[in-house]
Amino acid sequence: MAKIVECVPNFSEGRRPEVIEAITNEIKSVPGVLLLDKEMDADHNRAVVTFVGGLEEVKLAAFKAISKATELIDINKHTGEHPRMGATDVVPFIPISGVTTQDCVVLAEQLAKEVAEKLQIPIYLYENAAKRPERANLAAVRKGEYEGIKEEIETNPDRKPDFGPSRTHPTAGATAIGARMPLIAFNVYLGTPYVGIAKKIAKAIRFSGGGLRFCKALGFEIKERGLAQISMNLVNYRRTPIFRVFEMIKAEAERYGVPIISSEIVGLTPQDALLDVADYYLKLENFKKEQVLESKLMTFAGGEKEGLEGFIDQVASSSPAPGGGSVSAAAGALASALSSMVCRLTIGKKRFKDVQDELKQVLEKAETIRKQMQEFIIKDAESFDRVMDAFKLPKYTDEEKKKRDEAVEEATKGAIGVPFQVMEKALEALGIIRVVVEKGNPNMISDAGVSSLMARAAAEGAYLNVRINLNSIQDQDFVASHRQKAENLKREVLGLAGEIEKVVEEKLEQPG
């Protein structure tokens, strides 16, 4: 998996396009970095820029952008609705692919040190990168904005920066650098020019005012439009989704007899956040991300596949698929992945030269099974969907009922196919694991043991899926033959898994 990190710096300039163009040109000049988006807001006098790339490439692009902003923006001349503390106000790093939050924390610290030393800008670390608990909240870091920080930074120990001088930069002010998960900048416009109402609603919905846990909100007057605005940052859209925020604002606005005119998202947003909104308002049944055309096209084109977190979230959702069948296949994929790992940590070492050729063949087989198991994760969910589609067929006439029953029967028989394949491949995986346990690097014996347990779980989970589907099939000859076949496979799996467990126990008892 490619290591990709996202950076979303906010600059205190939203009225001079040429300035932001110069800053983004610096970002685009770094090979391996892709500029995704830039948003300018004249009322807030602020620009939000989004780019992605590898760790080192993104760090270099961020430094070049901060340098250019320092050259072109004078925070002393800045006026706007949005709170700010510097020419480059905030620089968050967000893990996207193959990168952890901790990787982003390290990146934030490295950039903070470099900016402080080379540009003499005081840097405060925030969110996950914060070195002080009270600085995890950006609002606390930015309290008093540029003017307040400038006044206190030299005398108040609580305002001492994490890196850099205890004085604001003459033109660039101060900057906050941090690490966080994807944030959604969400604004709602109210049908009133009275900012007091927006401020009261903002206080009611933000966490610090007793509102939603992962919502930060402020009320502003947007003079050009003659409207009041509630400007929000949703820092965890999974736990505080957009629709919940919108509904709470709507309820609060009704108390004041004020309508909602519109809403907007500033910058980029995760697709899942918008799908959650559609799911909520349309009251969709059994809706899955895979039903989005673009998601299917990405899979067809070999695009970036959804990660483990996304799969787990799908399993945990109200949708019945992916369910136990897909999870069983996932267990089988993990079993083979562990076998591959043990092989790779054995091959190439002198002490295991006698078994290298054999383990190379085992590795090839393990990788083949892993890929097949990964395909079964999707195929199991798809077979369930076909059963559900059959149940949705019309049944108003006798002819329609007959066709529907036949379709359900056929789809259910088809749904048994994938778990059977999972059982067969799990048995095949156990045969490979037996070799890995006996001839692989003994330092990895616990990993080989877990591989066996996962293969066994895959087979037994698939067995349960076969059983429950057989209960719905009317063709008793089909039921009898497939039940017997499933019982035989399960017996073989348990026998082989038991043999492997004994070998693992014996090797664990041996002194290192």
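Listed values, structure above:
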read-out: In the range 219-242, residue farthest from residue 92 (Cα to Cα) [restricted to those that are touching a helix residue (DSSP H, G or I) at 6+ places or on another chain (Cβ under 6 Å) and at pLDDT below 95]; value: 221
read-out: Residues of the range 236-250 satisfying the condition of being within 16 Å of residue 209 (Cα to Cα) and in contact with a Lys or Arg (Cβ under 9 Å, 6 or more places away or on another chain); value: 240
read-out: The lone exception for residue 168 - which of (1) buried (at least 24 other Cβ atoms within 10 Å of the Cβ); (2) within 26 Å of residue 267 (Cβ to Cβ); (3) polar (S, T, N, Q) it fails; value: (2)
read-out: Qualifying residue in the range 443-452 (condition: in a loop (DSSP other than H, G, I, E, B), polar (S, T, N, Q) and either surrounded by fewer than 21 Cβ atoms within 10 Å (Cβ to Cβ) or at pLDDT below 90 (or both)); value: no
read-out: First in the range 124-149 and touching a residue at least 40 places away in the same chain (Cβ under 8 Å), second anywhere and assigned to a strand (DSSP E or B) and among the β-branched types (Val, Ile, Thr), Cβ under 8 Å, 6 or more apart; value: 124/175; 124/177; 125/177; 126/90; 126/177; 129/177; 138/90
read-out: Per-region count, the range 268-310, residues among the aromatic types (Phe, Trp, Tyr), at pLDDT below 75 and assigned to a helix (DSSP H, G or I); value: 1
read-out: Any chance residue 50 is polar (S, T, N, Q) and outside any helix (DSSP H, G or I); value: yes
read-out: Any hit, the range 455-478, residues being out of contact with any helix residue (DSSP H, G or I) (no Cβ under 8 Å at 6 or more places or on another chain), small (Gly, Ala, Ser) and either in a helix (DSSP H, G or I) or assigned by TED's automatic domain parsing to the domain that holds residue 433 (or both); value: no
read-out: Residues being buried (at least 18 other Cβ atoms within 10 Å of the Cβ) and assigned to a loop (DSSP other than H, G, I, E, B) - total across the range 97-152; value: 7
read-out: Matching entry among 34, 72, 60 (being modelled with pLDDT under 95, farther than 21 Å from residue 131 by Cα and either assigned by TED's automatic domain parsing to the domain that holds residue 164 or β-branched (Val, Ile, Thr) (or both)); value: 34
read-out: Residues of the range 475-512 that turn out to be under 30 Å from residue 414 (Cβ atoms) and free of Cβ contacts under 8 Å to residues at least 60 places away in the same chain, as a count; value: 12
read-out: The range 369-382 residues that are on the phi < 0 side of the Ramachandran plot and in the same structural domain as residue 319 (by TED's automatic domain parsing), paired with ones that are modelled with pLDDT under 85 and surrounded by fewer than 22 Cβ atoms within 10 Å (Cβ to Cβ) (beta carbon under 6 Å, 6 or more apart); value: 381/321
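Per-residue answers, yes or no, for (1) part of a strand (DSSP E or B); (2) in the same structural domain as residue 140 (by TED's automatic domain parsing); (3) among the polar types (S, T, N, Q):
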| site | (1), (2), (3) |
| --- | --- |
| 189 | yes, no, no |
| 193 | no, no, no |
| 197 | no, no, no |
| 204 | no, no, no |
| 208 | no, no, yes |
| 211 | no, no, no |
| 216 | yes, no, no |
| 221 | yes, no, no |
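The values are calculated or read from the model by the stated rules, or taken from the named source; none is laboratory data. Bear in mind the structure is a predicted one, so any value in this text is a computation, not a measurement. So basically every Cβ, Gly included, is an ideal-geometry build from the backbone, and we count neighbours across all protein chains shown.
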